[in-house]
Amino acid sequence: MDRMIYTALTAMNSAMNRQRAVANNLANSSTPGFRQEVFAAKAATLRDGSIEARAMRRGNVRGADMAQGNVNPTGQPLDIAVEGEALIAFQGPAGGEVYSRRGDLRVAPSGVLENGEGLPVMGQGGVITVPAGSAITIAPDGSVLASDPAAPGEPAQALDQIKLVSPEGSKLAKGIDSFLKVPGDGVLPLDPTARVTPGALEQSNVRTAQTLVDMIDAQRAFEQRARIIKTAGELDSASARLMGMN
């Protein structure tokens, strides 16, 4: 009977992880450039060439759905929507590079160019910093241009170029922090052909209606496993009573 309980318990853990992933997708349905998490579960039934009777069901986020979301114009000069499959490189909270399509950029009080969740934007020479008091625009090739509002006749100066990278042919992982990363702290190669649309934002690719259905399905799956454990306990008690009669 312990085999039934163990199998159901590991399936419950998988269902809980699925609920977390679905809840995170739903919570980010309005986050610009968000890529919904792809959840997969599998049972490890073989070990060293033999059948493992008490197989765990392992369910985790295996990656991200890279389908493009809708692009909506905003009229904001620092908003950008990346065209094609390219990604924007950001400096991660723990250092290194992370990647996203979130293009709601702004200038922090420190002068660092960052996106809406506070990640510094990477340029060709590191984190992009903007001089105080400059008016900033972004060109279609990702160049960050600064002009002096006190000298409107002067041409804008290029500060740096946003690092746009290609994910093609590279393995990407998405962790519980929602950031896209190259396993082993690797970096993606530059995409010299990448372009952006200034004054627009790409929306999340989460399909809200389907995500709500997935949430209900994950909840029901958890409840079914809980009932299996309850049934196993009842069968175990009935077996004990029969043994007592003998």
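The values are calculated or read from the model by the stated rules, or taken from the named source; none is laboratory data. Worth saying up front: this structure is predicted, and the values here are computed from it rather than measured. Ideal geometry is used to build each Cβ from the backbone, glycine not excepted, and the neighbour counts take in all protein chains shown. Protein only, heavy atoms only, side chains kept; ligands, DNA and RNA dropped before computing areas. Shrake-Rupley method; radii C 1.70, N 1.55, O 1.52, S 1.80 Å.
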query: Do we find a residue being without any contact (Cβ under 8 Å) to a residue 60 or more places away in the chain, buried (at least 17 other Cβ atoms within 10 Å of the Cβ) and closer than 20 Å to V71 by Cβ anywhere in region 96-115?
result: yes
message: If I ask for residues that are open to solvent by 30 Å² or more (accessible area, probe 1.4 Å) and touching a strand residue (DSSP E or B) at 6+ places or on another chain (Cβ under 7 Å), which ones from region 12-29 would you list?
response: N17, R18, N24
- request: Kindly indicate which of P155, P189, P167, P183 is closer than 25 Å to G111 by Cα and not aliphatic (A, V, I, L, M).
  value: P155
- request: Within region 199-238, work out how many residues are in a helix (DSSP H, G or I) and open to solvent by 60 Å² or more (accessible area, probe 1.4 Å).
  value: 18
field: Residue under evaluation S166, criteria (1) more than 20 Å from the chain's Cα centre (by Cα); (2) open to solvent by less than 40 Å² (accessible area, probe 1.4 Å); (3) more than 30 Å from R20 (Cβ to Cβ), criterion not met
entry: (1)
message: Looking only at region 185-198, filter to residues that are open to solvent by 40 Å² or more (accessible area, probe 1.4 Å) and β-branched (V, I, T); which one of those is modelled with the highest pLDDT?
response: T197
